[in-house]
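Enquirer: Here it is, the structure, as structure tokens.
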Amino acid sequence: ADLTTQFLELPLKNPLMNASGVWCSVASQLEALAESAAGAMVSKSCTLQPRDGNPEPRYRVINGERTFGSINSMGLPNEGFAYYLRYAQRHDYEQKPLFMSISGLTLDDNLTMVDSLKDAVIPALLEVNLSCPNVPGKSQIGYDFDAMDTLLAEVSSGYQRPFGVKLPPYFDMAHFDEAAEILNRYPLVAFVTCINSIGNALVIDIDSETTLIKPKDGFGGLGGDYVLPTALANVNAFYRRCPEKTIIGCGGVKSGTEAFLHLLAGATLVQIGTSLYEEGPGIFPRVLDELAAIMDDKGYKTIADFRGKLKTIA
Ligand code: RRO
């Protein structure tokens, strides 16, 4: 099967990439992603200034008979905007596209980063994170539609180039409608990444009767197997509602099966978070082989043969 695809006119070797936050916090990890089989890559969400993040343990895989997913409350640890900009200035864009994720603590910080990125005139693609669930005292912009509207207006007028947003998961048809209606008012919002972790979940270990992670009394963002159906719902909801925008799928991808389902639901690119954290960049060639095998079995020669072609029951 032919796994090549296009993202906003850019040719890609394949539709897989990392989810922001995973394997992309420091230069050595970014370099490993650049050398990996992934078709694209994104850097860790950054703030204007470097941050240590929340106290550890702050990421745990959730294990039972098998792995169910992960919970994290990293709290936006990152090396600061200038660090990721320096990487972006030496990235080999011929090898694969680079997305740069920003997650300012204030609207002003986001606008300052957007300004610098615009002035840098590099081909990095801007993804604005509207959905970090883990900074104590900061609510998720994606759940405050007025704040989201204001941010999109200000980033659009400041950046004046296409960009994208990372959304939190929504769970109500009215929220899909309202979020999509806002996004559709901003033509520079070229892509929408669905979903960030399901925020503020609580995982408890029965033996020790203790939370799995330390920050925020154990509350943290859920990823992995648990979130796949929510991720697929959000991908397909925005795919249906935002025909002018490109959808990036994220959530619950651990094999070719889930990658295929995200593409079928309408995603153009598919991100891997929890499973990349567990397996490392060697996961990309494995999932690509599995995806190619599924396509061969089904008789699909290209991704365009099935992407977005989810069937519903009449
Ligand atoms: O760093 C984090 O705690 C974090 C972020 Br910024 C995010 O967007 N999503 C997430 O699950 N963790």
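Enquirer: Taking the condition open to solvent by less than 40 Å² (accessible area, probe 1.4 Å) and either in contact with a Gly (Cβ under 8 Å, 6 or more places away or on another chain) or hydrophobic (A, V, I, L, M, F, W, C) (or both), does LYS118 pass?
Expert: Here the answer is no, as LYS118 does not meet what is asked.
Enquirer: All but one of (1) surrounded by fewer than 20 Cβ atoms within 10 Å (Cβ to Cβ); (2) closer than 22 Å to PRO168 by Cβ hold for ILE247, so report the exception by its number.
Expert: Going through (1) surrounded by fewer than 20 Cβ atoms within 10 Å (Cβ to Cβ); (2) closer than 22 Å to PRO168 by Cβ one by one, ILE247 breaks only (1).
Enquirer: Same structure again: For the stretch 20-44, what are the residues that are part of a loop (DSSP other than H, G, I, E, B), touching a residue at least 24 places away in the same chain (Cβ under 8 Å) and open to solvent by less than 10 Å² (accessible area, probe 1.4 Å)?
Expert: Listed by number, the residues that qualify are ALA38, GLY39, ALA40, SER43.
Enquirer: Continuing with the same structure: Specify which of the listed residues (TYR59, TYR84) is within 30 Å of THR4 (Cβ to Cβ) and within 18 Å of the chain's Cα centre (by Cα).
Expert: Result: TYR84 is the single residue among TYR59, TYR84 that is within 30 Å of THR4 (Cβ to Cβ) and within 18 Å of the chain's Cα centre (by Cα).
Enquirer: Additional query: Restricting the stretch 56-77 to residues that are open to solvent by less than 30 Å² (accessible area, probe 1.4 Å) and among the hydroxyl-bearing types (Ser, Thr, Tyr), which is nearest to ASN134 (Cα to Cα)?
Expert: Within the stretch 56-77, the match that is nearest to ASN134 (Cα to Cα) is SER73.
Enquirer: Take the residues of the stretch 133-162 that are polar (S, T, N, Q) and surrounded by fewer than 16 Cβ atoms within 10 Å (Cβ to Cβ): which is nearest to the ligand (Cβ to nearest atom)?
Expert: SER139
Enquirer: What are the residues in the stretch 65-106 that are within 16 Å of the ligand (Cβ to nearest atom), touching a helix residue (DSSP H, G or I) at 6+ places or on another chain (Cβ under 7 Å), free of Cβ contacts under 8 Å to residues at least 60 places away in the same chain and assigned to a loop (DSSP other than H, G, I, E, B), if any?
Expert: The one that is within 16 Å of the ligand (Cβ to nearest atom), touching a helix residue (DSSP H, G or I) at 6+ places or on another chain (Cβ under 7 Å), free of Cβ contacts under 8 Å to residues at least 60 places away in the same chain and assigned to a loop (DSSP other than H, G, I, E, B): GLY104.
Enquirer: Quick check on the stretch 11-19. Is at least one of its residues within 21 Å of GLY142 (Cα to Cα) and open to solvent by 50 Å² or more (accessible area, probe 1.4 Å)?
Expert: Looking through the stretch 11-19, none of the residues is within 21 Å of GLY142 (Cα to Cα) and open to solvent by 50 Å² or more (accessible area, probe 1.4 Å).
Enquirer: Read through the list (1) over 22 Å from PHE191 (Cα atoms); (2) more than 16 Å from the ligand (Cβ to nearest atom); (3) surrounded by 14 or more Cβ atoms within 10 Å (Cβ to Cβ), then give the number of the only condition that THR112 fails.
Expert: (1)
Enquirer: If you go through the stretch 193-241, how many residues are more than 16 Å from the ligand (Cβ to nearest atom) and of a type outside the set (S, T, N, Q)?
Expert: 14
Enquirer: What residue, of GLY39, GLY64, GLY69, GLY80, is on the phi > 0 side of the Ramachandran plot and out of contact with any Cys (no Cβ under 8 Å at 6 or more places or on another chain)?
Expert: None of the other options fit; the residue is GLY69.
Enquirer: Moving to a separate point now. Which of the following residues is among the hydroxyl-bearing types (Ser, Thr, Tyr), modelled with pLDDT of 95 or more and assigned to a loop (DSSP other than H, G, I, E, B): SER131, SER156?
Expert: Checking each option against the conditions leaves just SER131.
Enquirer: Across the stretch 123-132, what is the number of residues that are away from the ligand (no atom under 16 Å from the Cβ) and open to solvent by less than 20 Å² (accessible area, probe 1.4 Å)?
Expert: 1
The values are calculated or read from the model by the stated rules, or taken from the named source; none is laboratory data. What you are looking at is a predicted structure, and each value in this text was computed from that prediction instead of being measured. For neighbour counting, all protein chains shown are included, and Cβ atoms are generated from backbone atoms with ideal geometry for every residue, glycine included. Side chains included, ligands, DNA and RNA excluded: accessible areas come from the protein's heavy atoms. Shrake-Rupley method; radii C 1.70, N 1.55, O 1.52, S 1.80 Å.
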